[in-house]
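A.B. asks: Quick one: structure below, then a few questions.
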Amino acid sequence: MKSQSVVECLNMQINEEQLKKFILDSGLVSRSDLEAIIKKAQTKKQKLGNVLLSEGKISETDLKRMEAFVLGIPFVGLVDQKIDFPVLSLIPESIARNYNIIAYKKSEAGLEIAMLDVDDLPVIDFIKKRSGFKILPRLTDPVSIKSALVQYRKSLQAEFTNIIQQNSSSFKTVGADVPASEGFGISATSAGSEKSEKELKAMAEDLPIVKIVDSLIFHAILQNASDIHIEPGEHELTVRYRIDGILHDAMTLDKNATPGITARVKILSNLKLDEKRLPQDGRFKIDQNGEKVSFRVSTLPTFFGEKTVIRILKENAQGFSLEKLGFHGEGLERIYDSLKQKTGMVLATGPTGSGKTTTLYTMIEILNRPEVNISTVEDPIEYQMPRVNQTQVKPEIGLSFANGLRSLLRQDPDIIMVGEIRDGETAGLAINASLTGHLVLSTIHTNSAAGAIPRLIDMGVEPFLIISTVKTIIAQRLVRRLTDSKEKYFLSAAEIKNLAKLVNLDKMLSLLQGENIIAAKSVWEKIPFYKAVKSDDSIDGYSDRIGIHEVLKVTGSIKELIIRGSSQDDLEAQAKKEGMITILEDGIFQAVLGVTTLEEVFRVVSE
C-alpha cells in the first residue's frame, strides 16, 4: 500500500453506529446504559467514546481496541515492551509526549508508530518527512504511551551517568586553587572572585561542564519539571527538580563542579560572571525539537556559594481547556457566563505556582477571535499566543504593570490581561479599564476567592467600584494526579466522622449526585476512594497535576455585603449559600472521581 493510500484510509471519523454495535456485542456496557450515554452524547454534542470514558462505563484500553477494529487498524500494546532507543528516538520526546505518538518498530515495510489518534494526519506527515520512512500507523492506549515515554527518561539518565563517570576527573581541577579547608563558603566566595572574567568564561566553556548543564536542562524538560534548583553545600552540589509541585533530588555532583556550572548558567542567561556578592536575574531561550522553551534564572549568594534556580516555561504550550484544568459543573458555567460579558473583571487568585496564569491563558484562548483585540501585560510571558499582543514588564527601564496597562489603553483593546495586580495603582487602572468598556482578566495573591475583595480594598479600591466591575473570582490550587496503578479503598466510620468535621457531607452527596458521579441513594461507606501506588512509571504513584477550584460569582447579595463592609468570612458564607463549591469540597470531588487522593487534597489545601 502506498503511503498516500494509508493516509487516505485513515482520514475518516469513527463510525459511531459500528462502535455502538461492537460495544453491545462486547457485553462491557448494558443496552440501557448505552442508550442513556448516547442521549447524553447527543445533548452535549460530544463523541460517544468520550462520554463512555467520562462516565466510567468502559476503560480506555477497551475503547481503543474497539475503535481499532472499527477503523481496520491494528491495535498494539506497548506496556513492558522494550523499544530500541535508535527507533524510539526517531520521534523527539517532546513530539511523542505532546502528540501521544511512539515509534516502536522499524522494518523493510516501514516505521510502525503507535498513536492515540490515527486521524492526526499533520503529525503523521511530519514524522514521515523527518524520518524518511514509510509510516505504518497503529492504534494504542494511554497506558502504552506512558510506558513508552518512560524509556526516554531512562535512556537520558544512563547518558547522564556516563558523562559524570567519563569526566569526573575534570571536576577535580575546577577551583583547585581554593584551599580545601575553605570549602565553598564565604572565604571561598572571596577567593573565587579573584578569578578574572576570562578565567571564569574558560571554566564555563569546559566541555564536561557544557555537557552537564545541557543534560540538567534537557533532563528537566523531559520530566516536565517546572524548576531546577542547583544548591551548593559544604561537601557536594545538589541538583533538585520541582515536578508536579514537589521537589525531588535529581543528582549529586562533586562540589568542585559548582563554579563551572554556575558560570555556564550565567553565560547562557547573560549575567555578570564575576559578581558573586549580589543576587542576579536573567533569562535565556532554547528551541528543542521545534518546541520553544524559556528559562528564568535567579542566582542568590548563600553560605556555601551561589544557589541557582532556573524556572522552565514552555512558550508554545497550548491546547488547554477549562475542563482539562479541572473546572466542572456550576463553577464552569459561571466562568463561561463571565467571559460572555463585554466589560468587567475576572480575577484568578491563589499562591505562587497554583496555575493562575494558565487559567487566564485558557480563558484568553476561548476569547481569542478575529473580531476582538486582545492585549496583555505580563511578567514573564509564559506562553506565546497568536493574534494576542503580549507585552513583557521591564521594571529596570520603567515599564511596570501600571505603566504598561496605561499604554495599552491607548491601543484600542477589547480584552486586557494584566499578569498580576500588585499595587493600588495597577488595581485602579484595571478597575478604570473595566469601567470604560473593556473585559479585564488578572490575578491577585489571596488564599480564597472571597479574600480578593478585602485585598482590593486594602489597595485603596473603593467598594462601590468593586461591585461595579468585578464579575467572577476564581481561587485555585494544584493537586497531583494519580497514575493508573492506584488502589481502591473505602472510608472507615472514623474517617467519615473526621471528614464531616471539614465539609458538609450531605452537600457533597448532592453535588456528586447532581453531576451523575454516584447513584441517587449512595452512602459514604460505599463510595470508593483511591490510594497512590508506586510503579515503574512513577516513584510516588502520581503524574502531572490538575486544579481544584472555587468560583465566586459577585451576585446582588454579595454586592450588598461588600458595600456594608462585611468580613471575608461573611462573604464566603453567603457565596456558599448561593452554590459556591469551596476548594476543599472540589478536592474531595476529584478524590471521589479517582483523579487524586484525599491525602493530596489535604496537603495542598492546608499549605
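The values are calculated or read from the model by the stated rules, or taken from the named source; none is laboratory data. What you are looking at is a predicted structure, and each value in this text was computed from that prediction instead of being measured. So basically every Cβ, Gly included, is an ideal-geometry build from the backbone, and we count neighbours across all protein chains shown. Surface areas here come from the heavy atoms of the whole protein model, side chains and all, with no ligands, DNA or RNA. Shrake-Rupley method; radii C 1.70, N 1.55, O 1.52, S 1.80 Å.
A.B. asks: Please pick out the residue among Thr472, Thr483 that is open to solvent by less than 60 Å² (accessible area, probe 1.4 Å), modelled with pLDDT under 95 and among the β-branched types (Val, Ile, Thr). Explain how you work it out, then say what you get.
C.D. replies: Details: Thr472 fails: modelled with pLDDT under 95.
Sole residue among the options that is open to solvent by less than 60 Å² (accessible area, probe 1.4 Å), modelled with pLDDT under 95 and among the β-branched types (Val, Ile, Thr): Thr483.
A.B. asks: Could you please find all residues in the range 278-306 being out of contact with any strand residue (DSSP E or B) (no Cβ under 6 Å at 6 or more places or on another chain) and either under 24 Å from Gly245 (Cα atoms) or modelled with pLDDT of 90 or more (or both)? Steps first, please.
C.D. replies: As a first pass, look at the range 278-306 and keep what is out of contact with any strand residue (DSSP E or B) (no Cβ under 6 Å at 6 or more places or on another chain): 278, 287-292, 301-303.
Passing the criteria: Leu278, Gln288, Glu291, Lys292, Pro301, Thr302, Phe303.
A.B. asks: So which residues in the range 82-105 are of a type in the set (Val, Ile, Thr) and in a helix (DSSP H, G or I), if there are any at all? Give the derivation first.
C.D. replies: Our first condition is that a residue be of a type in the set (Val, Ile, Thr); within the range 82-105, this holds for 83, 87, 91, 95, 101-102.
Answer for the range 82-105, where residues must be of a type in the set (Val, Ile, Thr) and in a helix (DSSP H, G or I): Val87, Ile95.
A.B. asks: Another one. Consider the range 106-129. How many of its residues are closer than 22 Å to Glu60 by Cβ and in a strand (DSSP E or B)?
C.D. replies: 4
A.B. asks: List, please: which pairs have Cβ atoms under 9 Å, are six or more places apart or on different chains, and start with a residue in the range 369-385 that is more than 19 Å from Arg406 (Cα to Cα) and end with one that is assigned to a strand (DSSP E or B) and hydroxyl-bearing (Ser, Thr, Tyr)?
C.D. replies: So the pair list comes out as Glu382/Ser294; Met385/Thr376.
A.B. asks: Another question, then. Kindly list, by first and then second residue, each pair from a residue in the range 92-106 that is in contact (Cβ under 8 Å) with a residue 24 or more places away in the chain to a residue that is of a type in the set (Gly, Ala, Ser), limited to pairs with Cβ atoms under 6 Å and residues at least 6 apart or on different chains.
C.D. replies: Ile102/Ala96; Ile102/Ala114; Ile102/Ala148; Tyr104/Ala114
A.B. asks: Same structure again: Has the range 388-403 got any residue that is of a type in the set (Ser, Thr, Tyr), open to solvent by less than 30 Å² (accessible area, probe 1.4 Å) and either free of Cβ contacts under 8 Å to residues at least 24 places away in the same chain or farther than 28 Å from Val595 by Cβ (or both)? Lay out the reasoning, then the answer.
C.D. replies: Applying the first criterion (of a type in the set (Ser, Thr, Tyr)) to the range 388-403 yields 391, 400.
Filter once more, keeping what is open to solvent by less than 30 Å² (accessible area, probe 1.4 Å): none.
No, the range 388-403 contains no residue that is of a type in the set (Ser, Thr, Tyr), open to solvent by less than 30 Å² (accessible area, probe 1.4 Å) and either free of Cβ contacts under 8 Å to residues at least 24 places away in the same chain or farther than 28 Å from Val595 by Cβ (or both).
A.B. asks: Taking Phe529 as meeting all but one of (1) of a type in the set (A, V, I, L, M, F, W, C); (2) touching a residue at least 60 places away in the same chain (Cβ under 8 Å); (3) open to solvent by 80 Å² or more (accessible area, probe 1.4 Å), write down the number of the exception.
C.D. replies: Failed condition: (3).
A.B. asks: Out of (1) part of a helix (DSSP H, G or I); (2) touching a residue at least 12 places away in the same chain (Cβ under 8 Å); (3) out of contact with any Leu (no Cβ under 6 Å at 6 or more places or on another chain), the odd one out for Glu333 is which?
C.D. replies: If we test Glu333 against (1) part of a helix (DSSP H, G or I); (2) touching a residue at least 12 places away in the same chain (Cβ under 8 Å); (3) out of contact with any Leu (no Cβ under 6 Å at 6 or more places or on another chain), just (2) comes out false.
A.B. asks: In the range 265-303, what count of residues is obtained for those that are of a type in the set (A, V, I, L, M, F, W, C), crowded, with 17+ Cβ neighbours inside 10 Å and part of a loop (DSSP other than H, G, I, E, B)?
C.D. replies: The number of residues fulfilling the criteria is 2.
A.B. asks: Taking into account only those residues within the range 32-79 that are small (Gly, Ala, Ser) and closer than 18 Å to Glu112 by Cβ, which is modelled with the highest pLDDT? Give the derivation first.
C.D. replies: Applying the first criterion (small (Gly, Ala, Ser)) to the range 32-79 yields 32, 36, 41, 49, 54, 56, 59, 68, 72, 77.
The next check asks that each one be closer than 18 Å to Glu112 by Cβ; those that pass are 68, 72, 77.
Details: Ala68: 70, Gly72: 73, Gly77: 86.
Once the filter is applied, the top-ranked residue is Gly77.
A.B. asks: Next question. Kindly list, by first and then second residue, each pair from a residue in the range 574-585 that is surrounded by fewer than 18 Cβ atoms within 10 Å (Cβ to Cβ) to a residue that is not hydroxyl-bearing (Ser, Thr, Tyr), limited to pairs with Cβ atoms under 7 Å and residues at least 6 apart or on different chains.
C.D. replies: From residues that are surrounded by fewer than 18 Cβ atoms within 10 Å (Cβ to Cβ), the pairs are Gly579/Glu330.
A.B. asks: Can you name the residue in the range 518-565 that is of a type in the set (Lys, Arg) and under 30 Å from Ser338 (Cβ atoms) and, of all such residues, is modelled with the lowest pLDDT?
C.D. replies: Of the range 518-565, the ones of a type in the set (Lys, Arg) are 521, 526, 531, 534, 545, 553, 559, 564.
Of the ones still in play, those that are also under 30 Å from Ser338 (Cβ atoms) are 545, 553, 559, 564.
Details: Arg545: 92, Lys553: 96, Lys559: 96, Arg564: 95.
The extreme case among them is Arg545.
A.B. asks: Related question: Considering only residues that are under 21 Å from Gln392 (Cβ atoms) and open to solvent by less than 60 Å² (accessible area, probe 1.4 Å), look in the range 419-435 and name the one that is nearest to the chain's Cα centre (by Cα).
C.D. replies: Once the filter is applied, the top-ranked residue is Gly419.
A.B. asks: Follow-up. What are the residue pairs meeting all of these: first residue in the range 405-433, first residue in contact (Cβ under 8 Å) with a residue 12 or more places away in the chain, second residue of a type in the set (S, T, N, Q) and assigned to a loop (DSSP other than H, G, I, E, B), Cβ atoms under 8 Å, and 6 or more apart or on different chains?
C.D. replies: Taking only residues 6 or more apart or on different chains, the pairs are Leu409/Thr436; Gln411/Asn373; Asp412/Asn373; Pro413/Asn373; Asp414/Asn373; Ile415/Asn373; Thr426/Ser400.
A.B. asks: To continue, here is another question. Kindly indicate whether Leu512 is under 30 Å from the mean Cα position of the chain (by Cα), over 30 Å from Gln151 (Cα atoms) and among the aliphatic types (A, V, I, L, M).
C.D. replies: Numbers: under 30 Å from the mean Cα position of the chain (by Cα): yes; over 30 Å from Gln151 (Cα atoms): yes; among the aliphatic types (A, V, I, L, M): yes.
So Leu512 passes the test.
A.B. asks: Do you know which residues across the range 550-566 are surrounded by fewer than 18 Cβ atoms within 10 Å (Cβ to Cβ) and in contact (Cβ under 8 Å) with a residue 24 or more places away in the chain?
C.D. replies: Those that are surrounded by fewer than 18 Cβ atoms within 10 Å (Cβ to Cβ) and in contact (Cβ under 8 Å) with a residue 24 or more places away in the chain: Lys559, Ile563, Gly565.
A.B. asks: Another question, if that's okay. Of the conditions (1) under 25 Å from His328 (Cα atoms); (2) touching a Gly at 6+ places or on another chain (Cβ under 7 Å), Lys488 clears all except one; give me its number.
C.D. replies: (2)
A.B. asks: Going by the structure shown, is Ser107 at pLDDT 85 or above, of a type in the set (S, T, N, Q) and more than 24 Å from Ile221 (Cβ to Cβ)?
C.D. replies: Numbers: at pLDDT 85 or above: yes; of a type in the set (S, T, N, Q): yes; more than 24 Å from Ile221 (Cβ to Cβ): yes.
Yes.
A.B. asks: Going by the structure shown, is Lys255 touching a residue at least 12 places away in the same chain (Cβ under 8 Å) and under 20 Å from Asn98 (Cα atoms)?
C.D. replies: Values: touching a residue at least 12 places away in the same chain (Cβ under 8 Å): yes; under 20 Å from Asn98 (Cα atoms): no.
In short, no.
A.B. asks: So, of the residues in the range 450-468 that are open to solvent by less than 50 Å² (accessible area, probe 1.4 Å) and free of Cβ contacts under 8 Å to residues at least 40 places away in the same chain, which turns out to be farthest from Arg422 (Cα to Cα)? Break it down stepwise before answering.
C.D. replies: As a first pass, look at the range 450-468 and keep what is open to solvent by less than 50 Å² (accessible area, probe 1.4 Å): 450-454, 456, 459, 461, 463, 465-467.
From the residues that got through so far, the ones that are free of Cβ contacts under 8 Å to residues at least 40 places away in the same chain too are 456, 459, 461, 465.
On the way: Leu456: 10, Met459: 9, Val461: 13, Leu465: 18 Å.
Here the answer is Leu465.
A.B. asks: Taking into account only those residues within the range 237-253 that are buried (at least 17 other Cβ atoms within 10 Å of the Cβ), assigned to a strand (DSSP E or B) and of a type outside the set (Gly, Ala, Ser), which is nearest to the chain's Cα centre (by Cα)?
C.D. replies: Taking the range 237-253 first, the residues buried (at least 17 other Cβ atoms within 10 Å of the Cβ) are 237, 239-245, 250-251, 253.
When the remaining residues are screened for being assigned to a strand (DSSP E or B), the result is 237, 239-243, 250-251, 253.
Next, from what is left, pick out any that are of a type outside the set (Gly, Ala, Ser): 237, 239-243, 251, 253.
Values: Leu237: 28, Val239: 22, Arg240: 18, Tyr241: 15, Arg242: 12, Ile243: 10, Met251: 24, Leu253: 29 Å.
This residue is Ile243.
A.B. asks: Ok, one more. Can you name every residue in the range 340-378 that is at positive phi and either among the aromatic types (Phe, Trp, Tyr) or touching a Ser or Thr at 6+ places or on another chain (Cβ under 7 Å) (or both)?
C.D. replies: The initial filter retains those residues of the range 340-378 that are at positive phi, namely 344, 350, 353, 355.
Residue satisfying the conditions is Gly344 alone.
A.B. asks: Is the range 356-365 home to any residue that is of a type in the set (Val, Ile, Thr), surrounded by 14 or more Cβ atoms within 10 Å (Cβ to Cβ) and touching a Phe, Trp or Tyr at 6+ places or on another chain (Cβ under 6 Å)?
C.D. replies: yes
A.B. asks: Still on this structure: Select from the range 60-74 the residues that are of a type outside the set (Asp, Glu), open to solvent by 50 Å² or more (accessible area, probe 1.4 Å) and under 30 Å from the mean Cα position of the chain (by Cα) and list them in ascending order. First the steps, then the outcome.
C.D. replies: From the range 60-74, those of a type outside the set (Asp, Glu) are 61, 63-66, 68-74; that's our starting set.
If we keep only those that are open to solvent by 50 Å² or more (accessible area, probe 1.4 Å) as well, we get 65, 69, 72, 74.
Listed by number, the list holds a single entry, Arg65.
A.B. asks: Has the range 307-320 got any residue that is modelled with pLDDT of 85 or more, surrounded by 14 or more Cβ atoms within 10 Å (Cβ to Cβ) and not in a strand (DSSP E or B)?
C.D. replies: no
A.B. asks: Working only within the range 210-236, note down all residues that are within 16 Å of Ser543 (Cα to Cα) and open to solvent by 40 Å² or more (accessible area, probe 1.4 Å).
C.D. replies: Asn224
A.B. asks: Quick one: is Ile261 without any contact (Cβ under 8 Å) to a residue 60 or more places away in the chain, more than 29 Å from Gln476 (Cα to Cα) and open to solvent by less than 50 Å² (accessible area, probe 1.4 Å)?
C.D. replies: Answer is yes for this residue.
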